[in-house]
Amino acid sequence: MSAPTAVLAARRQTRRAARSRSLRPWYRSGTLVAGLVIVGLLVLVAVLAPVIAPFDPVKQDLLNALQPPSGTHLLGTDKYGRDVLSRLIWGARVDLRVGFLAVLIPFVVGTVVGGVAGYAGGWLDTVLMRVVDVFFAFPFYVMVIVLVFVFGSGELSIYLAIAAVSWVSYAKIVRGEVLVAKEQDYVVAARLGGMSHARILVRHIGPNVLSQAIIYGMSDIVMDIMAIVTLGYLGLGIAPPTAEWGSMINDGQEFITTQWQQATVPGLVVVLTSLGLSWLGDGVSDLLSPERRK
Amino acid sequence: MSSTTGPAATTRPATALPDPVLRASGLTKTYRLRPSLATRLARRDDGRTSLRALDGVDLELRQGEILALVGESGSGKSTLAKILVGGTTPTSGDLDHRGEALPVRRDKDASRRIQMVFQDPYSSLNPRLSVGAMLRELLLLHQVVPRAEVRAESVRLLNLVGLEEDALDAYPSQFSGGQRQRLAIARALAVRPDVLIADEPVSALDVSVQATILDLFARLQRELGLSILFVAHNLAVVQHLSQRVAVMYLGRIVEVAETAELFANPRHPYTRALVDSIPRMRAGSVNEEFVLDGEPPSPFDVPAGCRFHPRCPYAVERCRTEDPALAAVGAGHDSACLRAAELPPFQAPPDPAASIDRVDVREELQDETTDPAEVRGPAEPRHPEEHPSPGDPGTPGARSTDA
Amino acid sequence: MVAPLLSVSALTLGVRRRGRPDTVIVEDLSIDIAPGERFGVVGESGSGKSLTLRAVAGLLPAGVEVLSGGITYDGKDLLGLPAAARRRLMGPEIAMIFQEPMTALNPVVRVGDQIAEGPRRHLGLSKGDAAQLAVEMMARTGIPDPARRARAYPHELSGGLRQRIMIAMAVSCGPRLLLCDEPTTALDVTVQHQVLKVLEALCADGGTALAFVTHDLAVVNQTCTDMAVMYAGHIVESGSVRDVLGDPRHPYTKGLLDSAPDFDQPDRRLVPIPGFPPNLAARPSGCPFAPRCSFAVDACTAAVPARELVAPGHTAACRESDRIFEGALA
């Protein structure tokens, strides 16, 4: 190869190399795929509930109460004669929906507070973080239960109660990330480029810190579903007769020796949901972090 | 504090000099520290309340030149770079850009004139922004070109730094260190600055890649008439690239001169020590003359008098009390040493072409440094002028327990 | 001819993958270091130089294994030794110093105690004796006021001092082989100068052999007597420092010398090496440097060139070496 040819070859290599480092495809991650499959199935079940549920979940049929699993009622019936399988399917709607929505407000509020505190620093940061500390001091479940009592039962009060308590985690996480991101050279460069603070926060720091909040959010959905289930179990959650996994466990517990599937199967489904969401969260975290971080 | 354009101005050509592109006068930067309550109670704070990162800096960057800023840790060179580029505000002092004072807080327009290239190519680019998005944002924000021409201008910038158009859609993580530095340079150039402050831009790169970036800087200087302040610690790079060099020590500039002159005839003992410390690459070339004693100092404990005197082999009594100002010692050559005129001629390390037998060197070393009692003194060929022992025999510049 | 103290033969390091070919990082590497010899290994990032050193030290990162080849120390097969026996060697026989002293020193233990730990464990010294030895070692590395400094914690010391502490730790048991992984890269130039002098003196004093990995050719010139140049996991040239730096016989070595600013030749134009460091996952067949080599011919991509003697004691892995470097240096 003559010298000019070599230089051309090298240039070609330079150009090609700009693309040679492609990012590892998402479908390679086992956890991500598993999580997606599980959560996807659950969402599908919830969406298709009216179609696939064999029976009406709330219609009572006292003559058929407490039937063991059979051809018609695959999981039997509960004490009001309602088909357990149908309630399970319809319950997915409630639990998944409430779980996702309950994360939304804390996510937004916490991210904004944490982002501003971390970026601004100084007294604003100190004040906001002390507020966060106060909220942190209260145990989650205790607070949620108290607030639900205060707000009354029902879906809206669940959202309010959970939001009031769990936004602080997001604030802390995002603040930590912002503190680090603030010092990165590319943020300094953006300042030097004449960009306003708002622009930097939203366009530059934002995308880089949100990934941690999103990852936390995934596990928070799991937490919130557990909270709803617990509230339901305690009778403080979604009002009956709406099908909901927690209240199903509550209803079924007195029959644990005879019709054990009434309480156990919803419990297992809750576990499966948590597992799926955790895996999804892990997979998303891998996707969002290492390759993009550099 | 005398300006760097003191009496030496008479030896320069008759044409009136335009204002330097950047002029710093009397810059200081002091960080106030408040040790935690626990530290204060335990009385372990040694009374440190402030850190003088810069202690009176005068500097000029001339049109179209590459000025190297050299110093070790604690010298304040990074702080100075940050102040020049507007990332930090000085505690006192003035900064002029082409004769006009630069306000302490720069607006969008003022900030685009002076841009920076950072040391770490891995943290200086937003990992979530594609190259094209990054350039577009800047071009639009400063309205460098009309919206329709943004892509063309982005491609032009990429070509200017030796990259191709297909880089526009890629993300920083897909590029190597050298390429990222080029992207960082392209970004800096997007807003059409006239000054580039490069903070150790090649330190994090492989040797063979450094050459391409150095070449790029030289080319930008030639083709665009850029004025570049190049902060570096690798003196071989400095010698290769810059026209003038300013040496910093503990928050002050201690010597400024044209590159060839500085390295051939250093007129400050610290500069001499620096030059003597440079490892040489030529086969058989070895520098053994002078090993600088002690540690690079901490800016917490600036010695009284000349800040270099505790480590200086030429220090005399006067040096302990008088703080020398930067003064002209030759044409375009300033030094902050009281004894600059009295220093013996600089012995450059032995001719690289002469072959030096490795064995001899080893024997020399055995005599000099293996005796623990001698271990603190500098190597033997030290000019035996009157050098009193510096006051504190402990490590100077560090946490001195004596006043 | 003295038997080598350390002999690495045909060492191949890489990552084994299930169901796919192994990813090779270092290939067929052979180095001999004689007792007391100061041997430099030079390469850029990705050359595999640090990994080679770590293989000798037994500190390969998770996932990287010795795929083939051997390492012999003082006649003993290091790779065949059981872990416990190998650990006994580390300290009294083989010691290592790292690039970043802050992470190599334990932040919660006083430095004097850290230096004393080795002699206590390996040489069986009492606590008092070991502490005294630690202070002596600190003095020998040029640390002023060593008795007081021995009580400091690592974060209280500057980078240069910490590096000297690490050197003191490494030589405290009187090893015969000192492995250095870019020990001065993170240091200021004047401190680097001091530390290199200390290293040289200690090695000369104790007859310790040095395996010095760095990317800085000038530092190798200062510190070592013999050297090898690595590229993409292969040794491309080796010999005495004077031969390799003064009379390079491999295009990569020449390229490195041409692209690095040399303080003694300020006006020389820097000629960068075109192209990119190789992608380890997609190695080209044949000579690893061929894609970037301006002298490459078709035969170069056919097979990896073997290291051949181009002058007494001087090898180069380049088929075209004689043709390229015939007569005066280009």
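Read the figures in this text as sums done on the coordinates, not as results from a lab. Quantities reported herein were computed from a predicted structural model and do not represent experimental measurements. Using ideal geometry, Cβ is built from the backbone for each residue, glycine included, and neighbour counts are taken over all protein chains shown.
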task: State the dimensionless ratio Rg/Rh of chain C (Rg: radius of gyration of Cα atoms; Rh: Kirkwood radius).
output: 0.99
statement: Percent antiparallel among DSSP beta bridges confined to the range B:7-264, rounded to 5, stands at 55
- prompt: Using Cα pairs under 8 angstrom and six or more residues apart, how large is the relative contact order of the range B:7-264, in percent?
  reply: 27
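Size of the dipole of the range C:234-330 about the Cα centre, Lys and Arg at +1 and Asp and Glu at -1 on the beta carbon, nothing else charged, in debye to 20?
With only Lys, Arg, Asp and Glu charged at Cβ, the dipole is about 280 debye.
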- line: Whole-Å distance linking the alpha carbon centroid of the range C:118-187 with that of the range A:180-234 is 45
field: Charge-dipole axis of chain C as Lys and Arg at +1 and Asp and Glu at -1 on Cβ define it, positive-most pick from C:Val15, C:Pro4, C:Ala62
entry: C:Ala62
- request: For an R0 of 51 angstrom, estimate the FRET efficiency from the Cβ-Cβ distance between B:Ala304 and A:Leu156 and round to the nearest 0.05.
  value: 0.10
FRET efficiency, 1/(1 + (r/R0)^6) with R0 45 Å, evaluated for B:Val316 and C:Glu136 via beta carbons: 0.85
Dipole in debye (nearest 20) - the range B:7-264, about Cα centre, beta carbon charges: Lys, Arg +1; Asp, Glu -1: 960
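Sort C:192-199, B:215-222 by packing, meaning the average of other beta carbons within 10 Å per residue, with the highest value first.
Highest mean packing first, the order is C:192-199, B:215-222.
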task: Please list C:177-185, B:104-112 highest first by mean number of surrounding beta-carbon atoms within 10 Å per residue.
output: C:177-185, B:104-112
task: With unit charges on the beta carbon (Lys/Arg positive, Asp/Glu negative), name the residue among C:Pro277, A:Ile89, C:Leu187 whose Cα is farthest towards the positive pole of the charge dipole of the protein assembly as shown.
output: A:Ile89
- prompt: Expressed as a fraction of 2.2 N^0.38 Å, the rule-of-thumb size for a compact globular protein of N residues, what is the C-alpha radius of gyration of the range C:132-289?
  reply: 1.24
- prompt: How far is it, in nm, from the label point at C:Val109 to the one at A:Leu275 when both lie 7 Å from their Cα along the line to the Cβ?
  reply: 4.4
message: Counting only other chains, and only Cβ atoms inside 10 Å, what mean value do you get across the residues of A:203-216?
response: 2
Difference of contour (0.36 nm per residue) and Cα-Cα distance, C:Asp322 to C:Ala282: 11.5 nm
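Per residue of B:117-127, how many C-beta atoms from partner chains lie within 10 Å of its own C-beta, taken as a mean?
Mean partner shielding for this stretch: 5.
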- prompt: Roughly what angle does helix C:159-171 make with the longest principal axis of chain C, taking Cα atoms, 0 to 90 degrees, to the nearest 10?
  reply: 80
query: In whole percent, what relative contact order does chain C give with Cα contacts below 8 Å and a gap of six or more residues?
result: 19
message: Place a point 7 Å from Cα of A:Arg203 in the direction of its Cβ. Which residues in the range B:100-144 have their backbone N less than 11 Å from it?
response: B:133-143
message: If I model a spin label at C:Arg88 and A:Asp61 as a point 7 Å from the Cα along the Cα→Cβ vector, what separation in nanometres do I get?
response: 7.9
statement: Relative contact order of the range C:57-154 (C-alpha contacts under 8 Å, at least 6 apart) in percent is 25
message: Given the -39500 (n - 2.57) contribution per DSSP H run of 4+ residues, what per-residue ellipticity at 222 nm results for the protein assembly as shown, rounded to the nearest 500 deg cm²/dmol?
response: -12500 deg cm²/dmol
- line: Of all DSSP beta bridges with both partners in the protein assembly as shown, the antiparallel percent, nearest 5, is 60
task: Over all alpha-carbon pairs in the protein assembly as shown, figure out the percentage whose distance exceeds 58 Å.
output: 22
- prompt: Which lysines have a Cα lying under 17 Å from the Cα of B:Lys108, excluding residues fewer than 8 positions away in the same chain?
  reply: B:Lys82
query: Can you pull the mean other chain C-beta count within 10 Å for peptide B:187-197?
result: 1
message: Let's test the formula: R0 of 60 Å, r as the Cβ-Cβ distance of A:Ala137 and A:Leu44. What FRET efficiency results, to the nearest 0.05?
response: 0.90
query: Given the convex hull of the Cα atoms of the range B:7-264, what is a quarter of its surface area in nm²?
result: 16.9
message: If you fit an axis through the alpha-carbon atoms of helix C:127-140 and take the longest principal axis of the Cα set of chain C, what angle between them do you get, 0 to 90°, nearest 10?
response: 50
- line: So, with points 7 Å from each Cα along the Cβ direction, the A:Trp260-B:Glu342 label distance in nm works out to 9.9
